[in-house]
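A short write-up of the structure that comes next.
The values are calculated or read from the model by the stated rules, or taken from the named source; none is laboratory data. Keep in mind the model is a prediction, meaning the values are calculated, not measured. Please note: Cβ atoms are built from the backbone with ideal geometry, for glycine as well, and neighbour counts cover all protein chains shown. Ligands, DNA and RNA are stripped out before the accessible areas are found, and what is left, the full protein with its side chains, is counted by its heavy atoms. Shrake-Rupley method; radii C 1.70, N 1.55, O 1.52, S 1.80 Å.
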Amino acid sequence: MADRALIGVYSDPDVLLHAADGARQKGWKRLDALTPYPIHGLEKALGIGKSWVPWVTLGMGLTGAILGFSLQYWVHVVEWPMNIGGKPFNAWPAFFPIMFECGVLIGGISTFIAMWAACKLPTTKPVVHDERFTDNKFGLVIPLDGVNAADVENYLKTHGAEEVKHV
């Protein structure tokens, strides 16, 4: 978030949604919203793109599965081959449970680490702009990076903001 911003306080999530969409169409960047619960379509209205975290999960999950298979292949075929019930050393269908578990383990741990990185956690200075945003109010944050503050304040007031706060 920018050093300086204006926050419009709303009571109705639909009004916030329309105000956010209009602000994005005006070309204002790095918009954010503070809401007590998720609002369908708000990411699109704010211009927020898709997250890169699922790609980390997919990549690391497949890597874990490959590592699980490789470990079993190495143990059962190369390092310590044993004749178990007349099965071939490379009995790959029997390797699937361990492959799956390794994929889930590595994918889950990687997702946890990626989420912390994406959310820039841990933070030493958590910011609470207004406690009402955790209860019954909605906030639209417009950073003042190269934007006239008077224009933004006028926009927020004309698009249903009950209150405009400077942060």
**Prompt:** Which residues, counting only those in the range 32-44, are open to solvent by less than 50 Å² (accessible area, probe 1.4 Å) and either among the charged types (D, E, K, R) or assigned to a helix (DSSP H, G or I) (or both)?
**Reply:** Leu42
**Asked** If you take the residues of the range 81-119 that are under 27 Å from Gly49 (Cα atoms), among the β-branched types (Val, Ile, Thr) and open to solvent by 60 Å² or more (accessible area, probe 1.4 Å), which of them is nearest to the chain's Cα centre (by Cα)?
**Response** Ile113
**Request:** Report yes if some residue within the range 50-65 is closer than 29 Å to Leu17 by Cβ, open to solvent by less than 50 Å² (accessible area, probe 1.4 Å), touching a residue at least 24 places away in the same chain (Cβ under 8 Å) and of a type in the set (A, V, I, L, M); otherwise report no.
**Result:** yes
**Request:** Check off (1) at pLDDT below 95; (2) part of a helix (DSSP H, G or I); (3) touching a Gly at 6+ places or on another chain (Cβ under 9 Å) for Lys29 and give me the number that stays unchecked.
**Result:** (2)
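Report yes if Val78 is outside any loop (DSSP other than H, G, I, E, B), aliphatic (A, V, I, L, M) and exposed (fewer than 14 other Cβ atoms within 10 Å of the Cβ), otherwise no.
Details: outside any loop (DSSP other than H, G, I, E, B): yes; aliphatic (A, V, I, L, M): yes; exposed (fewer than 14 other Cβ atoms within 10 Å of the Cβ): yes.
When the stated conditions are applied, Val78 passes them.
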**Item:** All positions within the range 1-16 that are open to solvent by 40 Å² or more (accessible area, probe 1.4 Å) and within 25 Å of Ala150 (Cβ to Cβ)
**Value:** Met1, Asp3, Arg4, Ser11, Asp12, Val15
